[in-house]
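Each reported figure results from applying straightforward, stated rules to the coordinates on display, with no laboratory input. Keep in mind it's a predicted model, so treat the numbers as computed, not measured. Cβ placement follows ideal geometry from the backbone for every residue including glycine, while neighbour counts extend to all protein chains displayed.
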Amino acid sequence: MRLLDFGLVRTTAPNQPNLSQQGAIVGTPAYMAPEQVSGQPIDGRADLFGLGCVLYALAPGKQPFLRDDTMATLAAIQTETPEPPCKLEPSLPAGLGNLIERLLAKSANDRPASAAEAARLLEQLAGEAASRVGRRAVPPRRRRRVLVGLLVAGTVNC
């Protein structure tokens with residue numbers, strides 16, 4: 001499975017201007033981290049915030065910060081805390097709900113330190129979820145697929 005975002009496109013052709021400009025909003029607003037919205041320096045934890053938005057959208061079936069227009073969406077990212085995903089989707093595993101909330105933390109310091117840490121946490125949750133529904137041990141490479149499948153199917157209760 002591959003996840004792509006074509007909200008930001010850059011040409012590689014010579015003598016073509018870049019599509020991004022200084023001061024312009026670059027990216028898909030509904031998935032931008034608070035530090036990115038406010039023009040602060042960003043690192044890989046901004047991408048983890050985007051992952052949290054994707055997982056939230058998969059769990060209760062709605063995006064956590066999407067509003068009627070771009071400015072309202074950006075304001076929501078900076079000021080609002082979405083409803084806990086387990087409250088909106090009671091079949092979501094509590095551990096996954098907690099991880100999604102951590103990924104959506106306003107401060108980058110409150111998110112997992114790296115994508116590797118987030119992946120490790122997801123794999124751990126997938127292994128726990130698979131064992132709760134009576135599956136045999138799941139190889140680490142397949143755990144994320146199992147977790148997403150369980151999340152979408154809503155087969156495990158909080």
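I want the local charge near A46. Using Cβ-Cβ distances under 10 Å, sum +1 for each Lys or Arg and -1 for each Asp or Glu among the other residues.
Neighbour charge sum, excluding A46 itself: -1.
Just grab the label-to-label distance for S107 and S131, each label 7 Å out from Cα along the Cβ direction, in nm (one decimal).
Rounded to a tenth, the inter-label distance reads 3.3 nm.
Return T28, T79, T73 ranked ascending by Cβ neighbour count within 10 Å, so the fewest neighbours appear first.
Placing the least packed residue first, the sequence is T79, T28, T73.
I want to check the label-to-label distance for E117 and T81. Put each point 7 Å from Cα in the C-beta direction and report it in nm to one decimal.
For E117 paired with T81, the spin-label model returns 2.0 nm.
Would you mind computing, in nm to one decimal, how far apart the modelled labels at T28 and M71 are, each placed 7 Å from Cα along Cα→Cβ?
2.4 nm
How high is the FRET efficiency between A94 and I42 when r is their beta carbon distance and R₀ equals 25 Å, given to the nearest 0.05?
Computed FRET efficiency for A94 and I42 comes out at 0.25.
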